[in-house]
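The values are calculated or read from the model by the stated rules, or taken from the named source; none is laboratory data. Source: prediction; values computed, not measured. Counting neighbours? That spans all protein chains shown, and the Cβs are built from the backbone with ideal geometry, glycine included. The protein model used for the area step is the full one, side chains on, heavy atoms only, and it has no ligands, DNA or RNA in it. Shrake-Rupley method; radii C 1.70, N 1.55, O 1.52, S 1.80 Å.
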Amino acid sequence: MLSIGDLIVYSSHGICRVEDICDQTYGGVTKKYYMLQPVDNDQNLTIHAPVESKQKNMQRIMNRSEAEKVIETFSGEGVEWIERPQQRTRDYKSILNQGDRLEIAKVASTLLRKKQETEEEGRKFSELDGKLLKNIQDILFREVAIVLNKPYEKVVKRIDELVAQ
């Protein structure tokens with residue numbers, strides 16, 4: 001069970017802080033809920049997530065050692081590039097949904113390398129791949145920045161340097 005003040009990664013909402021744990025009644029059924037506040041919350045959004053949820057859409061934030069390993073991952077090759085766009089999107093999203101941050105970093109590494117290669121050839125990077133990469137950057141890169149207590153921009157710059165090597 002999480003505690004008030006804990007930081008977590010919550011599905012596509014990214015890094016959230018547990019603001020409260022309380023009972024809520026919906027449809028005549030009372031359950032315990034986490035009241036989550038996204039860290040990058042410019043819309044004052046509050047998320048109500050059931051404490052007893054069986055879904056794997058909530059993870060504790062990584063530790064410093066894990067964050068450093070994630071950054072190191074970008075000096076490697078990444079995952080296999082899949083030529084068929086629909087298959088690539090499906091397979092890469094499947095990796096994201098599993099929540100293994102090192103594997104997610106490998107997908108990001110592959111996408112960053114392909115983006116660089118495509119742009120060097122004067123072509124446009126695929127919109128689907130761009131959205132997937134942005135999603136990873138918005139969540140994984142921000143999580144690394146928070147854990148390492150570094151500005152997001154410095155994390156992105158370091159990763160870009162590793163990918164460019």
| remark: Checked L128, L140 against criteria (crowded, with 20+ Cβ neighbours inside 10 Å and at pLDDT below 95); the one match is L140
| said: Being modelled with pLDDT of 90 or more, closer than 23 Å to K131 by Cα and not hydroxyl-bearing (S, T, Y) is true for just one of R64, R84, R17. Which residue is that? | reply: R84
| message | If E143 satisfies all but one of (1) closer than 16 Å to V9 by Cα; (2) out of contact with any strand residue (DSSP E or B) (no Cβ under 7 Å at 6 or more places or on another chain); (3) touching a residue at least 24 places away in the same chain (Cβ under 8 Å); (4) not aliphatic (A, V, I, L, M), what's the number of the condition it fails? | response | (2)
| query | For Q87, which of the numbered conditions (1) closer than 21 Å to K154 by Cβ; (2) open to solvent by less than 100 Å² (accessible area, probe 1.4 Å) fails to hold? | reply | (1)
| Tell me, which strands (runs of 3 or more DSSP E) wholly within region 1-50 include 1 or more residues that are within 18 Å of V147 (Cβ to Cβ)? | 7-10, 14-26, 29-38
| request: Please verify whether region 55-76 includes one or more residues that are assigned to a strand (DSSP E or B), small (G, A, S) and touching a Lys or Arg at 6+ places or on another chain (Cβ under 9 Å). | output: no
| note | Per the list (1) under 30 Å from Y33 (Cβ atoms); (2) without any contact (Cβ under 8 Å) to a residue 24 or more places away in the chain, residue check on Q86 breaks on (1)
| query | So which residues in region 114-137 are assigned to a helix (DSSP H, G or I) and in contact with an Asp or Glu (Cβ under 8 Å, 6 or more places away or on another chain)? | reply | K114, K115
| said: Tell me yes or no: at least one residue of region 99-120 is surrounded by 14 or more Cβ atoms within 10 Å (Cβ to Cβ), among the polar types (S, T, N, Q) and closer than 16 Å to F141 by Cα. | reply: yes
| query | Can you tell me which of N135, N149 is within 25 Å of H13 (Cα to Cα), open to solvent by 70 Å² or more (accessible area, probe 1.4 Å) and within 19 Å of the chain's Cα centre (by Cα)? | reply | N149
| field | Cβ pairs under 8 Å, 6+ apart, first in region 99-117 and farther than 17 Å from E83 by Cα and among the acidic types (D, E), second open to solvent by 20 Å² or more (accessible area, probe 1.4 Å) and not in a helix (DSSP H, G or I) | value | E103/V79
| task | Check Q24, Q59 and return the single one that is in contact with a Ser or Thr (Cβ under 8 Å, 6 or more places away or on another chain), open to solvent by 40 Å² or more (accessible area, probe 1.4 Å) and in contact (Cβ under 8 Å) with a residue 12 or more places away in the chain. | result | Q24
